[in-house]
Amino acid sequence: MLSYRHGFHAGNHGDVLKHLTQMLIIEKLLVKAKPFVYIDTHSGAGCYDLAADEAQKTAEYEQGIGRLQPQQANDASLVRYQALLQPYLAQQQYPGSPVIAASLLRDTDHIELMELHNTEIGNLKTNLARYRKQQSEQTAHQSIHHRDGFEGLVAILPHAIKRGLVLIDPSYEIASDYQQVVSAVKQAYKRWPTGIFAIWYPLLTQRAKNKAGKSEWMLEQLVQLGPKNMLVAELAVDDPAKDGGMYGSGMAILNAPWQVDELLASALAEVTPQLAQDDKAYHRISWMIESE
Ligand code: SAM
């Protein structure tokens, strides 16, 4: 039984890192006229009401997008990220990864969304249908699948469209999710060695008991798969030594597009001090495998 609901966490510091990275990769794919596919293995509800009980209960967005939005950004990527979010924030909403993708993709591109939770799949369909209705022009082709995203990713490949991005964003509610990511990426990468794979992971202190160290283990396993390149971008908003649970998060990108590292470094240099909850907050951009 899945109990995780992203509505409690929407717009937090993890979402800021994840969606900024998602936007930058999609922008790189948009440079070429040739259509591409966006695959979201763990889609969530698509869009979140920040005034709803779930978001208000934890108010995590106040420590994430809530800190960023009122500031006038200097970095060009951040300016675009804020502009992308602005229509939603103006209505007390935060767009999830499916709506961010739908906002950026062209009508020739394709979106494949997977979600397993029985309630969230309904919310996803409703939110995406509402989004399509609001758009006067054509939007990208969308398919929404009520299924396990790990299994669904492997099953959907090779896709008819030969270039694109997979976002893998599990809740890590169960410790086996880390192993499942490695196993799914291993099989998917074999079927699609030119695809871009972006995986979100939490940075956890020892207090996380059975999950502490699992993200680090997962990164090592992903390196073992031998992708053409592998970039890691991490944003830690708190002091890891405080032992407060999740102190930040990261994105592992296999087959990272050219210059995404520089764009992320520049954007995070501005984001980190704004989202810092401690003077030990930091960001880190590093190539775990560099292109030859
Ligand atoms: N990617 C979304 C975003 O950025 O807006 C947030 C996704 S949330 C972190 C994780 C989602 O994965 C939850 O909605 C959960 O119900 C769903 N989920 C959990 N296990 C899953 C699985 N095996 N396959 C597909 N979805 C799953």
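Among the listed pairs Lys34/Lys211; Lys190/Lys211; Lys18/Lys186; Lys186/Lys280; Lys34/Lys186, those whose Cα-Cα separation exceeds 32 Å are Lys34/Lys211; Lys186/Lys280. Comparing Gly44, Gly245, Gly14 in a Gaussian network model of the chain, where Cα atoms under 10 Å apart are tied by springs, the biggest mean-square fluctuation is seen for Gly245.
Normalised by the number of residues in the stretch 190-292, the average gap of Cα pairs under 8 Å and 6 or more apart makes the relative contact order 37 percent.
Report the trypsin sites (Lys or Arg not before Pro) located in the stretch 15-68 that are in a DSSP loop and have at most 10 other Cβ atoms inside 10 Å of their Cβ, or state none.
In loop regions of the stretch 15-68 (DSSP not H, G, I, E or B), the sparsely surrounded trypsin sites (Lys or Arg not before Pro) are Lys32.
What separates the Cα centres of the stretch 101-142 and the stretch 14-84 is a distance of 15 Å. For Lys228, nonlocal amide neighbours, meaning residues 5 or more places apart or on other chains whose placed amide H falls under 5 Å from its own, are Asn255. Give a quick list of GluC sites (Glu not before Pro) in the stretch 1-83 that DSSP marks as loop, anything other than H, G, I, E or B, with at most 15 other Cβ atoms within 10 Å. Hits after loop and neighbour filter: nothing returned.
DSSP beta bridges confined to the chain are antiparallel in about 60 percent of cases.
Would you mind checking the stretch 222-256 for residues with the amide N under 12 Å from a putative spin-label position 7 Å along Cα→C-beta of Asp278? Only 236-248 fall inside the zone, counting backbone N under 12 Å.
Restricting the stretch 147-237 to GluC sites (Glu not before Pro) that sit in a DSSP loop and have at most 15 other Cβ atoms within 10 Å of their own Cβ leaves Glu173. Rolled with a 1.4 Å probe across the full set of protein chains, the surface gives Ser183 an accessible area near 40 Å². The heavy atoms of Thr126 offer some 70 square angstrom of accessible surface to a 1.4 angstrom probe.
For the pair Thr194 and Arg106, the difference between a 0.36 nm per residue extended length and the Cα-Cα distance amounts to 29.6 nm. For the chain, which whole percent of the accessible surface, found with a 1.4 angstrom probe, sits on carbon and sulfur atoms? After summing per-atom areas, the C and S share lands at 50 percent. The percentage of C-alpha pairs in the chain whose separation is greater than 35 Å is 10%.
Per residue, the chain exposes 44 Å² of solvent-accessible protein surface, assessed with a 1.4 angstrom probe and all protein chains in place.
Multiplying the residue separation of Glu270 and Ser183 by 0.36 nm and subtracting their alpha-carbon distance yields 27.8 nm. Taking every C-alpha pair closer than 8 Å and separated by at least 6 residues, the mean separation divided by the residue count of the chain gives a relative contact order of 22 percent.
Measuring r between the beta carbons of Ala52 and Lys162 and using R0 = 41 Å, the FRET efficiency lands at 0.55.
The values are calculated or read from the model by the stated rules, or taken from the named source; none is laboratory data. Not measured: the values here are computed from a predicted model. Backbone-built Cβ (ideal geometry, glycine too); neighbour counts: all protein chains shown. The accessibility values were calculated without ligands, DNA or RNA, using every heavy atom of the protein model including side chains. Shrake-Rupley method; radii C 1.70, N 1.55, O 1.52, S 1.80 Å.
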